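The values are calculated or read from the model by the stated rules, or taken from the named source; none is laboratory data. Values in this document were obtained by computation on a predicted structure and should not be read as measured data. Every residue, glycine among them, receives a Cβ derived from its backbone with ideal geometry; neighbour counts consider all protein chains shown. Heads up: the accessible areas ignore ligands, DNA and RNA and are worked out on the full protein's heavy atoms, side chains in. Shrake-Rupley method; radii C 1.70, N 1.55, O 1.52, S 1.80 Å.
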Amino acid sequence: MRRGVWAALTGIVAAATVLASAEVVAVFVGAESSPLFAVGSLVIDLAPPGVKTLTIALFGTGDKAALLTILGIIIVLGAALAGYLEYRRKPFGTVVLVAFSAIAVFAVTTREGASGISAVPTVVGMLVGVVVLNALQQRLKRWGVREDGSRKATATTAASPVVRTGPAALERRQFVTWMVVAAAASAIAGVGARAMNAGAAVVTAARNALVLPTATTSAAALPAGTELGIANLSPVVTPAADFYRIDTALQVPQLNPDTWSLKITGMVENEVEISFAELLALPLVENYTTLTCVSNEVGGDLIGNALWLGYPLHLLLERAKPQAGADMVLSRSSDGFTAGSPLEVLQDASRQSLLAVGMNGKPLPVEHGFPARLVVPGLYGYVSATKWVVEMKVTTFAQDMGYWTPRGWSALGPVKTSSRIDTPRQNAGLAAGTIPIAGVAWAQHTGIATVEVQIDGGDWQQATLADPISADTWRQWVLQWEATSGDHTVAVRATDTSGYTQTSDEAPPAPDGSTGWHTIKLTVQ
Ligand SMILES: Nc1nc2c(c(=O)[nH]1)N[C@H]1C(S)=C(S)[C@@H](COP(=O)(O)O)O[C@H]1N2
Ligand SMILES: [Mo]
């Protein structure tokens, strides 16, 4: 084969490494950030009606497949051109490769809901591609130099073993080896990653198409007084996009609701298996519950409040009929995470524990457990809130442990009563006068009774509380402070309806949740 053709092939192999590495990175960044997916979608969106009609006329109803085939041909031709140019007029091949990548970056970053991070897979892919193109071209050139220099000798003794192990043959073999390795690695990694990204896109599409049933028992409309309307104070309902996310999943599990089911197993009279369609057909209830992570530091933001839609866990467990002696439900996610919850907590009809399918009026976001997760008021997430849940095993604490327990966290994780100052921010530049000090306080399933604020170690002053949604949710609070110039220290503590007041003892999150008063330093001008 002529070296110009080999040069063109280096471009095609380099392009394959661009696409393959971008697909691999997109597995972690998100399927929508795949340049193949984004450019394909852009081409479909941008194709003028005439072109669409033409492709339908030429290729029948497979107009999308036709557009993508044309796109594929353009990529292959562009890549071949890049390889050839790089060989004849270095570095114009690299320029072509970067230009194609720039178009892909444009496509991924202009898609709806895209952010700057969406460009990462394409940029990584481009860098890999530039390196691979240059490495392949270097090997090709070395082979070329050897062959030109020894052409006479090789021509006359073509059949001789001496020539076959000669420098040109060696360089050729090395070049071809590099080509094959790069092409094979791209094919294997790229096809695998594309399949994962396509699977994720399928689940996203299923989620977007899903219309949740309305709750049989809806949550009451939010009382007007639940929101104090203070700037920089956490809204009483956390938008899903701002909701903290904690899990052990390197890649967010992509569960297709059509094939998902939940099994109730272990110490039960009746093993139960429920499909997503069966779950949606049940009378669903709605309630607000504040979810907290045991890892939340004092003053931290690993907490959020949402409106959950789901089926009560106590009713689900009633169907399975737990046996005497069982005291734990070990819930398991599709990716092997487990949470051990006290059985009696999940069986408690007065506690709105749910097998949840909806969050703030929409199907669960994929990263928050789509298609179904557990939500249990009053327990930290690590012992209750299993996302992508596929099994609930009725068992005992003596026999089983949740994921975090052998890793240094307590087997039981009731949420500790706590409070946080949201505004003013630590070290905020403030002017003397009336400044609202405001935040949130929570004691899920017990309820907040009072919140007090202490300024500069003085007397505890009672804050004004927003109206509660329920004992299962946090409450906003505010204290109007007449601020004087100088340095100040502000602390907050909450008392719950059981009469417990937050301790000043500072404890780290491990093993069962942080304690101490959230305290901030402020300077008033
Ligand atoms: N499958 C799965 N579910 C999980 C976890 C996990 O690692 N994997 N982490 C738990 C923890 S520690 C918390 S605090 C909550 C967080 O839920 P969120 O990400 O929806 O806020 O999910 C819980 N459910
Ligand atoms: Mo957590």
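Observations on the model:
- Annotation for Phe106 and Asp467: the two label points, set 7 Å from Cα along the Cα-Cβ direction, are 5.3 nm apart.
- The calculated FRET efficiency for Thr204 paired with Asp459, based on their beta-carbon distance and R0 = 60 Å, is about 0.65.
- Other-chain or far-sequence residues with amide H under 5 Å of Thr292's (modelled H): Gly381
- Between amide H atoms placed 1.01 Å from N, distances below 5 Å from Val390 occur with Arg332, Ser333, Ser334, all of them 5 or more places distant or on a separate chain.
- Placing a label point 7 Å from the Cα of Glu367 along the Cα-to-Cβ direction, the residues of region 384-413 with a backbone N closer than 17 Å are 387-388.
- Here the Karplus curve 6.51 cos²θ - 1.76 cosθ + 1.60, taken at θ = phi - 60°, turns the phi angles of region 472-485 into couplings of 8, 10, 6, 10, 6, 9, 8, 10, 7, 10, 8, 7, 9, 5 Hz, with x standing for Gly and Pro.
- Backbone phi angles across region 282-297, fed through the Karplus curve with coefficients 6.51, -1.76 and 1.60 (θ = phi - 60°), yield HN-Hα couplings of 6, x, 9, 10, 10, 7, 7, 9, 8, 9, 10, 9, 4, 7, 5, 6 Hz in residue order; Gly and Pro are listed as x.
- Remark: the Ala277-Arg2 segment gains 93.0 nm on full extension, using 0.36 nm per residue and subtracting the alpha carbon distance.
- Each Lys and Arg Cβ is given +1 and each Asp and Glu Cβ -1; about its Cα centre, region 224-407 then shows a dipole of about 80 debye.
- Rounded to the nearest 10 Å², the accessible area of Glu278 at probe 1.4 Å: 100 Å²
- Spin-label proximity, Thr248 to region 377-392 - amide N less than 20 Å from point 7 Å beyond Cα toward beta carbon: 379-392
- Taking all Cα pairs closer than 8 Å and separated by 6 or more residues, the relative contact order of the chain comes to 13 percent.
- Over the chain, dividing the summed -39,500 (n - 2.57) contributions of all DSSP H runs of at least 4 residues by the number of residues returns a 222 nm mean residue ellipticity of -12500 deg cm²/dmol.
- Share of alpha-carbon pairs per 10 Å distance bin for the chain, given as whole %: 4, 15, 19, 18, 16, 13, 9, 4, 2, 0, 0
- Across region 378-383, coupling constants 3J(HN,Hα) worked out from phi with the 6.51/-1.76/1.60 Karplus curve, θ = phi - 60°, read x, 10, 4, x, 5, 10 Hz, and Gly and Pro carry x.
- Taking a span of 24 Å or more along the helix axis (Cα atoms) and a mean Kyte-Doolittle hydropathy of at least -0.5 as the rule, the DSSP H helices of the chain that qualify are 3-29, 63-88, 92-109, 120-149, 167-209.
- Take the Cβ atoms of Ala432 and Ala241, set R0 to 30 Å, and the FRET efficiency comes out at 0.25.
- Spacing of the modelled spin labels on Thr523 and Thr53, each 7 Å from Cα toward Cβ, amounts to 7.0 nm.
- Ser21 contributes about 20 Å² of solvent-accessible surface, heavy atoms of the protein only, 1.4 Å probe.
- Label point distance in nm, Leu71-Ala185, each placed 7 Å from Cα along Cα→Cβ: 2.6 nm
- Shown is the FRET efficiency for Ser504 and Met401, computed with R0 = 45 Å from the Cβ-Cβ distance and rounded to the nearest 0.05: 0.90.
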